[in-house]
Amino acid sequence: MKKGLWVIIFFIVLFAGDRLIGWLLQSQVDNSQFRYSRMYRNQGQADILIVGNSRGLNFYQPYMEQATGKKTFSVCYYSMPSEIATVVTQDYLDLYPNVKTVLVEISIVEMSDDKLLTGFTTYMPHSRRIDSVIKSTSEDTWYAAHFSHIYRFNNEVFQRAMYHRNKLDDDWYTERVISNSLARNVANYNVSFKVPEKHVQDLKNLTDYCRKKNVPVKLVLGPFFPNYQVKNLDVLVKRVEEATGCKVYNYGHSIDDGTAFSDFLHANLKGGKTMVDLMIRDSLLPMSTKISKLPPEPEKKNDLIN
Amino acid sequence: MVFNSITFLIFSGIFFPVYFLLKGQWRMWWILVASYVFYGWWDVRFLCLIIISTFMDFNFGKLIGRTENRAQRKTYLILSMIMNLGFLACFKYFNFFIDSFVNMMHAFGLQPSVTTLQIMLPIGISFYTFQSLSYTIDIYRREIPVEKNLLKFAAFIALFPQLVAGPIVRARDLLPQMNTDKPFDWNNLNSGLGRILWGLFKKVAIADSLAPFVDQCWADPSKFSSSHLLIGVIFYSFQIYCDFSGYSDIAIGLARIMGYRFVENFKTPYFSQSFSEFWTRWHISLSSWLRDYLYIPLGGNRHGKWSTYKNNMTTMLLGGLWHGANLAFVFWGFLHGVYLIVQRFTTPVWRKFVQLTRMPAFINSAICMLIVYILTTVAWIYFRSGSLGAKSFSVANLIIGKIISLEDFTWDSTFNKYQIVKGFILLIALLTIEITNKYYAWNNRQLYHPALRITLFSGLLWMIALFGTFSSNAFIYFQF
């Protein structure tokens with residue numbers, strides 16, 4: 001009898017502890033300065049919304065705000081799943097209807113990582129859309145996250161939210177320059193882009209929702225390291241244009257300076273600034289009234305390769 | 001069927017209640033049937049091998065025990081060894097020997113046409129072969145009596161907790177325990193559950209969380225900086241420890257619930273201060289097997305120093321080969337052989353240095369632990385590369401070369417910082433628990449303090465929920 005009582009106490013402690021720890025972790029996430037936490041607690045009002053994966057993080061926000069004179073908000077994330085990008089954007093547009101432009105980096109179609117999708121269980125309580133995406137794509141995870149509230153925080157997104165607990169993530173960027181050995185051997189590396197139809201449809205849903213909300217949407221392909229071979233790039237651009245009916249601004253080979261990259265796929269701080277300048281030159285983004293002339297042409301050099 | 005799966009949870013839910021309801025022969029039948037189901041879950045065909053091995057060794061044991069004629073006893077033992085090692089040679093090493101032969105021929109400019117058979121490696125063959133082999137050797141040495149009950153012997157060989165990845169439980173330890181029916185015992189249940197949860201935490205939360213980072217490093221080391229690779233190598237040293245010792249903990253815990261005591265397989269090996277100590281703390285059931293059935297019969301340290309070196313090296317080389325059919329595993333064994341031999345020269349010199357400098361004991365211990373850890377980890381690089389086939393040495397050398405070059409040795413140059421931070425948080429938790437366990441013996445203490453038990457069990461389950469990776473990754477040692 002006494003043993004049975006201890007067993008019952010164990011299950012009560014286990015369950016109650018799970019809920020209590022879950023609640024504590026959730027309150028930490030809710031108070032974080034991480035982008036999604038700010039967004040869901042109505043502190044993410046901006047003129048330009050940036051959507052993308054790690055390549056979307058190339059659009060360096062502080063410089064973009066300085067160059068355009070507009071407030072920006074990024075919902076980009078490393079290997080952002082396209083399903084989540086779509087529903088987060090929809091949530092954003094519902095919460096902040098006054099946004100002027102949605103800027104989407106389209107490699108989100110190719111590079112999203114389904115494994116990361118379940119990481120957004122952390123924000124499930126804030127978004128019915130995230131909840132339903134997780135339920136439809138990973139039912140086991142959805143049940144586990146409802147069964148154990150602690151399990152909702154078993155992911156990278158939660159760790160990021162903790163890292164940015166008291167620190168804004170607007171300057172989430174790398175200043176690192178690609179290593180000499182990698183740059184020298186660029187010819188030995190390549191990547192082949194896949195164009196999954198499911199992800200293309202996600203992007204179509206995203207652009208359709210922007211149109212429905214009367215928010216202009218701009219599709220952009222960010223830069224790659226000079227001479228880095230990206231196979232199927234044209235297929236990706238063409239398919240996205242067909243599906244969404246929007247022009248894709250292809251900046252894939254627009255920067256020749258190797259020092260503007262942290263690796264083959266990602267621009268660094270220098271590359272990010274150049275990228276913003278290019279988008280202003282092409283009138284994708286407005287120019288700040290405080291700046292009197294257009295930014296200069298990007299440098300045509302490739303120190304790392306030569 | 002792996003321990004960290006829902007299938008196994010259901011399997012246990014059926015196995016244990018029935019196990020305690022049955023008595024005598026019925027219980028042995030239940031163990032045997034359940035163990036065969038557990039093993040056959042991977043591939044039913046594998047069962048043939050284990051059944052043949054069981055039947056043959058049972059009869060060889062009887063034949064050895066029946067006769068007093070020394071020559072006959074030896075003949076039966078040799079036949080048993082040929083059969084057991086023959087299975088291993090056929091299923092595990094055939095392709096390796098053929099490939100090595102072809103490579104050697106290529107070196108001499110010859111191009112032999114050899115078709116290698118694509119033989120599937122039965123899971124856990126190295127474990128149960130050694131277990132079965134020790135039975136006939138012990139009978140030959142008259143160290144244990146002959147087992148007359150085939151059912152009990154078959155249940156001993158197939159006992160599911162230890163069947164696929166050890167510990168290698170010897171007949172002398174387990175068969176006597178199977179003579180009596182073990183009644184259900186709350187202390188066994190609590191102690192067993194404690195070990196199972198701790199093993200699951202090590203496997204699911206630590207080893208499987210470190211695995212993706214490690215796999216990435218070995219997949220293409222040329223892509224990563226020296227700092228990234230160094231972290232990958234450190235992570236691997238703990239991944240393999242947590243994976244393997246986690247399995248052993250679960251196996252020991254399951255056996256304890258059944259009422260059996262298995263030998264300990266790991267005793268915080270990375271706290272070893274010498275390589276000889278390391279081998280009394282790492283995979284103890286294998287190292288003691290090799291000591292008793294290989295090193296000592298070869299002469300051990302009884303015939304002078306050169307003979308001792310030779311015996312050390314032979315044992316470690318075969319220990320390496322036991323792990324897999326690849327020269328990288330043999331090289332891993334060779335490195336440990338070298339470490340053991342070199343240690344015999346350096347230990348007296350180091351002791352004198354410690355005395356002369358009056359080095360405090362804790363600094364001496366810390367330096368020794370660090371050296372043993374670093375050199376063990378260097379050997380792990382080759383061990384991890386062993387599964388990469390022909391590329392194994394080039395990958396291992398590339399990793400070591402890049403780390404030594406210190407090229408781009410910065411925090412910024414590392415990828416997946418999330419995994420790195422999570423990995424180190426888990427390693428700190430592991431070391432904290434292991435160090436405090438030396439003084440508090442948590443799993444024993446919880447038996448007498450229900451509140452502590454509830455706290456520990458709940459804490460481990462919460463940690464597993466927060467950090468666990470639930471993709472049912474197989475244990476590394478299944479491949480051996």
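The numbers here are math on the coordinates, done by the rules we state, and not lab data. In this text the structure is predicted, and so the values were computed from the model without any measurement. Counting neighbours? That spans all protein chains shown, and the Cβs are built from the backbone with ideal geometry, glycine included.
Worth a mention:
- Loop-located trypsin sites (Lys or Arg not before Pro) across the stretch B:247-316 with a Cβ neighbour count of 16 or fewer within 10 Å are B:Arg261, B:Lys267, B:Arg302, with loop assigned by DSSP.
- Sequence-separation-based contact order of chain B, relative, with Cα cut under 8 Å and 6+ spacing, percent: 20 percent
- Volume per residue that the Cα convex hull of the stretch B:323-400 spans, once the total is divided by residue count, Å³: 91 Å³
- Proxy reagent accessibility, fewest Cβ within 10 Å first, across B:Cys90, A:Cys246: B:Cys90, A:Cys246
- Semi-axis lengths, Å, chain B, gyration tensor of Cα atoms, sqrt of 5 times eigenvalues: 35, 31, 24
- Taking the DSSP bridge list for chain A and keeping only pairs wholly inside it, about 5 percent are antiparallel.
- Binned Cα-Cα distances of the stretch B:290-354, short to long, each 5 Å bin given as a whole percent: 4, 19, 22, 21, 16, 11, 5, 2, 0
- Amide H contacts under 5 Å for A:Ile50, placed H, 5+ residues apart: A:Phe73, A:Ser74, A:Val75, A:Leu103
- Helix-derived mean residue ellipticity, 222 nm - over chain B, DSSP H n ≥ 4, -39500 (n - 2.57), to 500: -22500 deg cm²/dmol
- Likely footprinting exposure, B:Ser285, A:Ser254, fewest C-beta neighbours within 10 Å first: A:Ser254, B:Ser285
- Listed by chain and number, the aspartates and glutamates whose C-alpha is less than 14 Å from the C-alpha of B:Lys202, apart from same-chain residues fewer than 8 away, are B:Asp243, B:Asp249, B:Glu434.
- Computed over the stretch B:233-318, relative contact order equals 16 percent, with contacts defined as Cα pairs under 8 Å that lie 6+ residues apart.
- Summing Lys and Arg as +1 and Asp and Glu as -1 over all other residues whose Cβ lies under 14 Å from the Cβ of B:Gln177 gives a net charge of +3.
- Per-q log10 I(q)/I(0), chain A, q = 0.08, 0.10 Å⁻¹ (Debye; single scatterer per alpha-carbon; no solvent): -0.39, -0.59
- Long-range HN-HN contacts of A:Gln229 with modeled amide H, under 5 Å: A:Val191
- Stokes-Einstein, applied to the Kirkwood radius of the protein assembly as shown over Cα pairs at a viscosity of 1.306 mPa s and 10 °C, places its translational diffusion at 53 µm² s⁻¹.
- Bridge orientation summary for the protein assembly as shown: considering DSSP beta bridges with both residues in this region, about 5 percent are antiparallel.
- Whole-percent pair-distance distribution, where bins are 5 Å wide, for the alpha carbons of the stretch A:1-62: 4, 14, 13, 14, 11, 9, 8, 7, 6, 5, 4, 3, 1, 0
- When the P(r) is computed for the stretch B:166-239, the part past 17 Å accounts for 65% of the Cα-Cα pairs.
- Nearby lysines by direct alpha-carbon distance to B:Lys203 (threshold 30 angstrom, same-chain neighbours under 8 apart not counted): A:Lys3, A:Lys115, A:Lys135, B:Lys92, B:Lys182, B:Lys223, B:Lys267, B:Lys391, B:Lys402, B:Lys417, B:Lys422, B:Lys438
- CD proxy at 222 nm, helix term only [per DSSP H run n ≥ 4: -39500 (n - 2.57); per residue of chain A; nearest 500]: -13500 deg cm²/dmol
- Kirkwood hydrodynamic radius of the stretch A:49-153, Cα pairs, Å: 14.5 Å
- For B:Tyr135, A:Tyr228, B:Tyr418, the sequence from fewest to most other C-beta atoms within 10 Å is B:Tyr418, A:Tyr228, B:Tyr135.
- Here is the list for the stretch A:1-51: trypsin sites (Lys or Arg not before Pro) lying in DSSP coil, each with at most 14 other C-beta atoms within 10 angstrom of its C-beta, are A:Arg41.
- Contact order relative to length of chain A, as percent, for alpha carbon pairs under 8 angstrom and 6 or more apart: 22 percent
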